[in-house]
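I have a structure here, written as structure tokens, and I will follow up with some questions on it.
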Ligand SMILES: Nc1ncnc2c1ncn2[C@@H]1O[C@H](COP(=O)(O)OP(=O)(O)O)[C@@H](O)[C@H]1O
Ligand SMILES: [Mg+2]
């Protein structure tokens, strides 16, 4: 079948246009959020496959379900732009696209290794949001695709979330032969809308470290303090309590460490958490803790507590704090909890001096030899912050279920 294709220069962002013709074995497109990377790779790969019908493209993301609103959607929009969608055969289960010339596109989640690797005839792999896919999975794919036939190609798109990531060492510090790298930022994408740009501007003002990655497209570095995403500011507690979902977390201590409880309210739409009230005190017996919770009016509320003290949790329940429960602890729970908190801006009530002290001091350990910060937090100034981290659990559950299936969480 002869397909009439009109591909116009104005379909593309200028920075990418020359890359329609550039190819390597490893094609790395990285940079800020919204820089047009994914869309361009979709545009490029469809064009390539229309010209070379023998290709079969495997698109990989952290999970299979995440494809639908991202890679699949980007590819479908490109089919619209090229005016060939009606000539393609598209199936939803399993998700697949067959181009008019028979070239095929299939989708897999990196969390399901058996399905991921039971593939045949693949000639091109596109790993989307590659920072969330492990080096191990990627290397297994490269091994799978060795051998005869067409020259195999890999495309990777990602934000440079952490200089700790395998992507940095693999493609930047010591790149394999035949690697092409293009860095872009949102400024290279003329198709972005006002809302997106406002969101980035908000990030620039409130969370500079995050902006470095998602605004400037530079590798994320571990700074000294773990949380820079907060402001100390008084707010109307009652108003906040009426409008937003409450979170309560608790960490146990006794002699050296305090027992601490933190109550906050999350404004999901604006990605803001109001850290509102709490206590922080050594020497509290369980009865004292129960009394304080009662005095705060929280005896009927869901409270997520340190699961290392099941006995205290059981006793508090008996003392009438019915909905206290232990936090789940996974191997990566501290890191993923920190990453979750870093997605928000915290507004901390000035009354919570203990919380502010910890925010100012909680930091990453320094490597004694290299002098660089590691991604391991110190084990100090983390009592109220742990209580707060536990309280985030209800916001994390769906994500965590996916994460426990995948081999590795984000490396931030
Ligand atoms: N060539 C293009 N034509 C039309 N819209 C585009 C184009 N490139 C990017 N966009 C728009 O910008 C958004 C962000 O681009 P995307 O490729 O998702 O960025 P990134 O993958 O770098 O985060 C897309 O969802 C789309 O709406
Ligand atoms: Mg993208």
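The values are calculated or read from the model by the stated rules, or taken from the named source; none is laboratory data. Only a predicted model underlies this, so the values are computations on that prediction, with no experimental measurement involved. Note that we place each Cβ from the backbone using ideal geometry, even for glycine, and neighbour counts take in every protein chain shown.
Consider residue 376 against the criteria (1) more than 26 Å from residue 285 (Cα to Cα); (2) within 19 Å of the chain's Cα centre (by Cα); (3) touching a residue at least 24 places away in the same chain (Cβ under 8 Å): it satisfies all of them except one. Which criterion is unmet?
For residue 376, the failing item is (3).
Out of all the residues in the stretch 164-213, which are part of a helix (DSSP H, G or I), over 30 Å from residue 151 (Cβ atoms) and within 16 Å of ligand 2 (Cβ to nearest atom)?
186, 187, 196, 199, 200, 213, listed by residue number.
Oh, and also: Kindly indicate the residue of the stretch 14-44 that is without any contact (Cβ under 8 Å) to a residue 24 or more places away in the chain and not in a loop (DSSP other than H, G, I, E, B) and also farthest from ligand 2 (Cβ to nearest atom) among those meeting that condition.
Just the residues of the stretch 14-44 that are without any contact (Cβ under 8 Å) to a residue 24 or more places away in the chain, to begin with: 17-18, 21.
Adding the requirement that they be not in a loop (DSSP other than H, G, I, E, B) leaves 17-18.
On the way: 17: 18, 18: 20 Å.
Once the filter is applied, the top-ranked residue is 18.
Okay, next question. Select, from 97, 90, the only residue that is within 20 Å of residue 48 (Cβ to Cβ), away from ligand 1 (no atom under 16 Å from the Cβ) and either within 23 Å of the chain's Cα centre (by Cα) or buried (at least 18 other Cβ atoms within 10 Å of the Cβ) (or both).
Result: 97 is the single residue among 97, 90 that is within 20 Å of residue 48 (Cβ to Cβ), away from ligand 1 (no atom under 16 Å from the Cβ) and either within 23 Å of the chain's Cα centre (by Cα) or buried (at least 18 other Cβ atoms within 10 Å of the Cβ) (or both).
Checking residue 225 against (1) in contact (Cβ under 8 Å) with a residue 40 or more places away in the chain; (2) buried (at least 17 other Cβ atoms within 10 Å of the Cβ); (3) closer than 30 Å to residue 183 by Cβ, which single condition isn't satisfied?
All conditions pass for residue 225, except number (2).
Just the residues that are out of contact with any strand residue (DSSP E or B) (no Cβ under 9 Å at 6 or more places or on another chain), modelled with pLDDT under 90 and not in a helix (DSSP H, G or I), please, taken from the stretch 105-160.
Selection gives 118, 146, 147, 148, 149, 151.
Residues in the stretch 194-205: is at least one modelled with pLDDT of 95 or more and under 30 Å from residue 22 (Cα atoms)?
Looking through the stretch 194-205, at least one residue is modelled with pLDDT of 95 or more and under 30 Å from residue 22 (Cα atoms).
If you don't mind, another one. Let me confirm something: among 83, 48, which residue is assigned to a helix (DSSP H, G or I), in the same structural domain as residue 139 (by TED's automatic domain parsing) and out of contact with any helix residue (DSSP H, G or I) (no Cβ under 8 Å at 6 or more places or on another chain)?
Answer to the selection: 48.
Check off (1) touching a residue at least 12 places away in the same chain (Cβ under 8 Å); (2) closer than 17 Å to residue 43 by Cα; (3) away from ligand 1 (no atom under 16 Å from the Cβ) for residue 83 and give me the number that stays unchecked.
(3)
Could you list, in sequence order, all residues of the stretch 57-68 that are in a loop (DSSP other than H, G, I, E, B) and over 12 Å from residue 95 (Cα atoms)?
To start, the set of residues in the stretch 57-68 that are in a loop (DSSP other than H, G, I, E, B) comprises 62-64, 68.
Of everything in the stretch 57-68, those that are in a loop (DSSP other than H, G, I, E, B) and over 12 Å from residue 95 (Cα atoms) turn out to be 62, 63.
I've got another one for you. Listed residues 78, 133, 60; which is assigned by TED's automatic domain parsing to the domain that holds residue 18 and without any contact (Cβ under 8 Å) to a residue 60 or more places away in the chain?
Sole residue among the options that is assigned by TED's automatic domain parsing to the domain that holds residue 18 and without any contact (Cβ under 8 Å) to a residue 60 or more places away in the chain: 78.
The conditions are (1) more than 13 Å from ligand 1 (Cβ to nearest atom); (2) surrounded by fewer than 18 Cβ atoms within 10 Å (Cβ to Cβ), and residue 47 fails exactly one of them. Which is it?
Just one mismatch for residue 47, condition (1).
Moving on to the next point. Could you grab me the full set of residues in the stretch 267-290 that are over 24 Å from residue 357 (Cβ atoms) and surrounded by 16 or more Cβ atoms within 10 Å (Cβ to Cβ)?
267, 271, 286, 290
Given the conditions (1) assigned to a helix (DSSP H, G or I); (2) modelled with pLDDT under 95; (3) out of contact with any helix residue (DSSP H, G or I) (no Cβ under 6 Å at 6 or more places or on another chain), and given that residue 396 satisfies all but one, which numbered condition is not satisfied?
Here residue 396 clears every test but (3).
Let me ask something else about it. Residue check, residue 63 against (1) more than 15 Å from ligand 1 (Cβ to nearest atom); (2) farther than 27 Å from residue 215 by Cβ, all met but one. Which one?
Residue 63 satisfies every listed condition except (2).
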